[in-house]
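Student: Sending over a structure as structure tokens; questions will come in a sec.
What follows draws every value from the coordinates through simple rules; no lab data is involved. Owing to the predicted nature of the structure, the values given are computational and were not obtained by experimental measurement. Please note: Cβ atoms are built from the backbone with ideal geometry, for glycine as well, and neighbour counts cover all protein chains shown.
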Amino acid sequence: MFNFHSEIALPLELMAMEESIKLEDKEVNADDIETGAFVEVMLLILSKAQKSNNSFSIKCYPYKGKTANEIGDEIAKKLFDEFKIIRKAPRLDTAQVITTCPKCGSNITEANDAGNGFCLDCTSEGLVK
Ligand SMILES: [Zn+2]
């Protein structure tokens, strides 16, 4: 029987500690992760490790601020598995500028390329389709 607290929240709490991730200036704890900070903590860890991943961020976006119950076991497990793979993968190239975002004008590199000609920020905020 899957248990979000022991299989996701506690391991993620440890990873957040390793990366010194803080939420509103407080240490991340497993209860926060279970009650709304799950996606946010994963994305903060990847960002701190300079491993932000475009397609993963987009996948996570609808679950921002959602509790473990709202996300559901299947999706939570899939997102967490993908997160662990990305965390182990090599860093993306943030130095090589591919182009600039036509919406906000920022440089697009491998690390923030949404794959639709726009940057990840504009795409994940739903500013472009
Ligand atoms: Zn943009």
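Student: Please name which of M17, T100, L43 has its Cα lying farthest along the dipole of the chain towards the positive end, using unit charges on Cβ (Lys, Arg +1; Asp, Glu -1) and the Cα centre as origin.
Tutor: Toward the positive end, the furthest listed residue is T100.
Student: Around G65, under 14 Å between beta carbons, what's the net of Lys plus Arg minus Asp minus Glu among the other residues? Can you show the working numbers first?
Tutor: Details: positive: K64, K66; negative: E24, D32, E34, E40, E70.
Cβ neighbours under 14 Å give a net charge of -3.
Student: Using only the Cα atoms of the range 4-89, build the gyration tensor, take square roots of its eigenvalues as a ≥ b ≥ c, and label the shape rounded, prolate or oblate: rounded if a/c is under 1.5, else prolate if a/b is larger than b/c, else oblate.
Tutor: It is rounded, given that a/c, with a ≥ b ≥ c, falls under 1.5.
Student: If R₀ is 35 angstrom, what is the calculated FRET efficiency for the pair T100 and D31, using the beta carbon separation as r and rounding to 0.05?
Tutor: With R0 = 35 Å, the Cβ-Cβ based efficiency is 0.25.
Student: Which of the aspartates and glutamates could a cross-linker span from K77 if the Cα-Cα distance has to be under 15 Å and same-chain partners fewer than 8 positions apart are dropped?
Tutor: Partners found: E7, E34.
Student: Another one. Where nothing but the Cβ of Lys and Arg (+1) and of Asp and Glu (-1) is charged, how large is the charge dipole of the range 51-127 around its Cα centre, in debye to the nearest 20? Before the final figure, lay out the partial values.
Tutor: Details: 11 positive and 10 negative charges, 45 e Å.
The calculation lands at about 220 debye.
Student: For the chain, what's the relative contact order in percent, using C-alpha pairs closer than 8 Å and at least 6 residues apart? Each step should come with its number before you reach the end.
Tutor: Working: 163 pairs, mean separation 25.5, N = 129.
With pairs under 8 Å counted, the relative contact order is 20 percent.
Student: So which of K66/K103; K78/K103; K22/K103; K59/K84; K22/K84; K48/K78 end up more than 25 Å apart, counting from Cα to Cα?
Tutor: Long pairs (Cα-Cα over 25 Å): K66/K103; K78/K103; K22/K103.
Student: With labels modelled as points extended 7 Å from the Cα through the Cβ direction, what inter-label distance (nm, one decimal) is found for N69 paired with L127?
Tutor: In this crude spin-label approximation the distance works out to 3.6 nm.
Student: Further question: May I ask you to compute the full-extension gain from M1 to S47, defined as 0.36 nm times their residue separation minus their alpha-carbon distance, rounded to one decimal in nm?
Tutor: Values: separation 46, 0.36 × 46 = 16.56 nm, distance 3.14 nm.
Between M1 and S47, full extension yields an extra 13.4 nm.
Student: For the range 15-64 and the range 77-129, what is the centre-to-centre distance using only Cα atoms, to the nearest Å?
Tutor: Cα centroid of the range 15-64 versus Cα centroid of the range 77-129: 16 Å apart.
Student: Most exposed first by the Cβ proxy, i.e. fewest other Cβ within 10 Å, how do M15, M1 rank?
Tutor: M1, M15
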